[in-house]
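The values are calculated or read from the model by the stated rules, or taken from the named source; none is laboratory data. Bear in mind that the values here come from a model prediction, so they are computed numbers and not experimental data. Neighbour counts run over all protein chains shown; Cβ positions are idealised from the backbone, glycine included.
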């Protein structure tokens, strides 16, 4: 689904007549639902509450909202539709993720997570074929199809996603976890210009739609490699060391994107997605899982999803709108680089509070 949204949502909204600020706000609305509702539901599930069809009903709401986008042109209607879409998709993800992290395969979490990267590449390629050549009006159809596919998978996971542990308190998120979540959220904020305006910036620079989609897919290929080799990276550096390395290198990627967009620079910058997204996610999601008791893991993963990929993207993309309108693409990425450098420094200050379970025993 993200293989359709990330490369094409910004250009689609621009074609529908939305200005830069409105594009940022609608993109932010897609992640806003994760912020309040998903953590509430995660804690609710940890306390032993689960109703039949929980995943399927949420995905049905997302699919219905995507159907509205087919005809919608008003920014408020589009924003509301993407808010509901994010509510459905953003609720299913942490419930399934927590279940996977509780019983990962012998080859580690990354071995499961790389399938998401592969799915991104397949759908981004198909979407580029469908939407290229001035056919962005078909974006809602591609989005709807991807959500239906995701909904069919969610139906098959209803039993597996349900917690198998005893009823927890729904609490148990302590200070060290909040410090980690704050760092990861701030890191995600620095991605605002990238998620909201990378495609628009390249389009305004004269790059064709197919090449832009290819650059998105290249980034996901890079992240896929990290997920496949994630277990060996964990054993060598530990989760804490892995996260620190990735946060320290993130400003360099944004500085590359601030340069004039030549193909060699763009290729190097997109390969950097392996660091700024995949490595950070690989370390961050597992550290969060390790730092909370068993009966609070749905709540913790929902907080992780809600804060990092909810609040972080909401603030980042909403701020990126006026920033892009004022400073343009290059200026926006310079600001992102400076912000990411501050986040890296903050991590090295608070990281001593974070116990890395992978340094104390076998990597799960």
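General remarks:
- Test: residue in the stretch 89-96 that is in contact with a helix residue (DSSP H, G or I) (Cβ under 9 Å, 6 or more places away or on another chain), surrounded by fewer than 22 Cβ atoms within 10 Å (Cβ to Cβ) and part of a helix (DSSP H, G or I): yes
- Residue in the stretch 116-127 that is in contact with a helix residue (DSSP H, G or I) (Cβ under 7 Å, 6 or more places away or on another chain), farther than 30 Å from residue 20 by Cβ, surrounded by fewer than 18 Cβ atoms within 10 Å (Cβ to Cβ) and without any contact (Cβ under 8 Å) to a residue 24 or more places away in the chain present: no
- Residue check for residue 246: touching a helix residue (DSSP H, G or I) at 6+ places or on another chain (Cβ under 9 Å) and free of Cβ contacts under 8 Å to residues at least 60 places away in the same chain: yes
- Residue within the stretch 26-43 that is in contact (Cβ under 8 Å) with a residue 40 or more places away in the chain, assigned to a loop (DSSP other than H, G, I, E, B) and either surrounded by 20 or more Cβ atoms within 10 Å (Cβ to Cβ) or within 18 Å of the chain's Cα centre (by Cα) (or both) present: no
- No other residue among 327, 320 is over 30 Å from residue 45 (Cβ atoms), at pLDDT 80 or above and under 17 Å from the mean Cα position of the chain (by Cα) apart from 320.
- If you go through the stretch 343-364 and keep only what is outside any loop (DSSP other than H, G, I, E, B) and either over 21 Å from the mean Cα position of the chain (by Cα) or at pLDDT below 90 (or both), you end up with 345, 346, 348, 349, 350, 351, 352, 353, 357, 358, 359.
- Annotation: residue 257 fulfils all but one of (1) surrounded by fewer than 24 Cβ atoms within 10 Å (Cβ to Cβ); (2) more than 18 Å from the chain's Cα centre (by Cα); (3) closer than 18 Å to residue 338 by Cα; the unmet one is (1).
Residue-by-condition table, conditions (1) modelled with pLDDT of 90 or more; (2) closer than 16 Å to residue 199 by Cα:
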residue: 225; (1), (2): no, no
residue: 237; (1), (2): no, no
residue: 240; (1), (2): no, no
residue: 245; (1), (2): yes, no
residue: 250; (1), (2): yes, no
residue: 254; (1), (2): yes, yes
residue: 259; (1), (2): yes, yes
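- Checking residue 17 against (1) over 22 Å from residue 307 (Cα atoms); (2) in contact with a helix residue (DSSP H, G or I) (Cβ under 8 Å, 6 or more places away or on another chain), the condition it does not meet: (2)
- Against the numbered list (1) closer than 30 Å to residue 19 by Cα; (2) in a helix (DSSP H, G or I); (3) at pLDDT 80 or above, residue 152 comes up short only at (1).
- Residue in the stretch 199-208 that is without any contact (Cβ under 8 Å) to a residue 40 or more places away in the chain and in a helix (DSSP H, G or I) present: no
- Residues being modelled with pLDDT under 85 and buried (at least 18 other Cβ atoms within 10 Å of the Cβ) - total across the stretch 4-24: 4
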